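Have a look at the structure below before the remarks.
The values are calculated or read from the model by the stated rules, or taken from the named source; none is laboratory data. Since the model is a prediction, treat every value here as computed from it, not as a measurement. Glycine gets a Cβ as well: all are built from the backbone with ideal geometry, and neighbour counts include every protein chain shown. Remember, those area values only see protein heavy atoms, side chains included, never the ligands or the DNA or RNA. Shrake-Rupley method; radii C 1.70, N 1.55, O 1.52, S 1.80 Å.
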Amino acid sequence: MGRQPGHNLLFARGPVPAAIIQAMVPSWLSVQEHSGSSWVGLVPFTMTKVRPWWAPPLPGINNFHETNVRTYVHHQGARPGVWFFSLDAASLLAVIAARVIWRLPYHHARMTLEKRDR
């Protein structure tokens, strides 16, 4: 449907007791677990040159930061997938498009990225 390259990606994740996560996802999903724990990920990144496949990038609206909080699930015990607890983007246009076109529960948020030399 479109182009959505991501950059400056951080993938931070940690274990949470599976019973806690299971209570937070729909009952028709089961959380993936390992030794009684599920994993929750925090994933901030920058989207660049976002656009429909048929359109050129539009300056000023196609680069923005995004963050999601996710866990891993199975549908009916078989098909693996990702459940997003939070989908946040710094582009109001991207949020509206994601909600209208794909029915994803995106939220508009202010975000900044600061790079530091070590």
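Mind checking whether some residue in segment 60-70 is out of contact with any Cys (no Cβ under 6 Å at 6 or more places or on another chain), farther than 18 Å from Arg110 by Cα and touching a residue at least 24 places away in the same chain (Cβ under 8 Å)?
Checked segment 60-70: at least one residue is out of contact with any Cys (no Cβ under 6 Å at 6 or more places or on another chain), farther than 18 Å from Arg110 by Cα and touching a residue at least 24 places away in the same chain (Cβ under 8 Å).
Given the criteria open to solvent by 60 Å² or more (accessible area, probe 1.4 Å), among the hydroxyl-bearing types (Ser, Thr, Tyr) and in contact (Cβ under 8 Å) with a residue 12 or more places away in the chain, does Thr48 qualify?
For Thr48, the condition - open to solvent by 60 Å² or more (accessible area, probe 1.4 Å), among the hydroxyl-bearing types (Ser, Thr, Tyr) and in contact (Cβ under 8 Å) with a residue 12 or more places away in the chain - is not met.
Scanning for something among the charged types (D, E, K, R), closer than 21 Å to Thr112 by Cα and surrounded by 11 or more Cβ atoms within 10 Å (Cβ to Cβ), does segment 78-91 turn up at least one residue?
The answer is yes; a qualifying residue exists.
Against the condition under 15 Å from the mean Cα position of the chain (by Cα) and open to solvent by less than 50 Å² (accessible area, probe 1.4 Å), how does Val43 come out, does it pass?
Taking the combined requirement at face value, the residue satisfies it.
When you check Asn62 against the structure, is it buried (at least 17 other Cβ atoms within 10 Å of the Cβ) and over 12 Å from the mean Cα position of the chain (by Cα), yes or no?
Answer is yes for this residue.
Can you name every residue in segment 23-36 that is surrounded by fewer than 16 Cβ atoms within 10 Å (Cβ to Cβ) and small (Gly, Ala, Ser)?
Hits for segment 23-36 are Ala23, Ser27, Ser35, Gly36.
Please go through (1) closer than 26 Å to Arg110 by Cα; (2) modelled with pLDDT of 80 or more for Gln4 and return the number of the only condition it doesn't satisfy.
(2)
With the requirement that a residue be within 30 Å of Ser37 (Cα to Cα) and in contact (Cβ under 8 Å) with a residue 24 or more places away in the chain, what does segment 82-98 give you?
Trp83, Phe85, Ala89
Consider segment 12-57. How many of its residues are in contact with a Ser or Thr (Cβ under 9 Å, 6 or more places away or on another chain) and polar (S, T, N, Q)?
3
Return the residues of segment 63-82 that are farther than 13 Å from Val43 by Cα and not charged (D, E, K, R); say none if nothing qualifies.
Asn63, Phe64, Tyr72, Val73, His74, His75, Gln76, Gly77, Ala78, Pro80, Gly81 - these are the residues of segment 63-82 that are farther than 13 Å from Val43 by Cα and not charged (D, E, K, R).
Please go through (1) modelled with pLDDT of 90 or more; (2) β-branched (Val, Ile, Thr); (3) surrounded by fewer than 16 Cβ atoms within 10 Å (Cβ to Cβ) for Thr67 and return the number of the only condition it doesn't satisfy.
Failed condition: (3).
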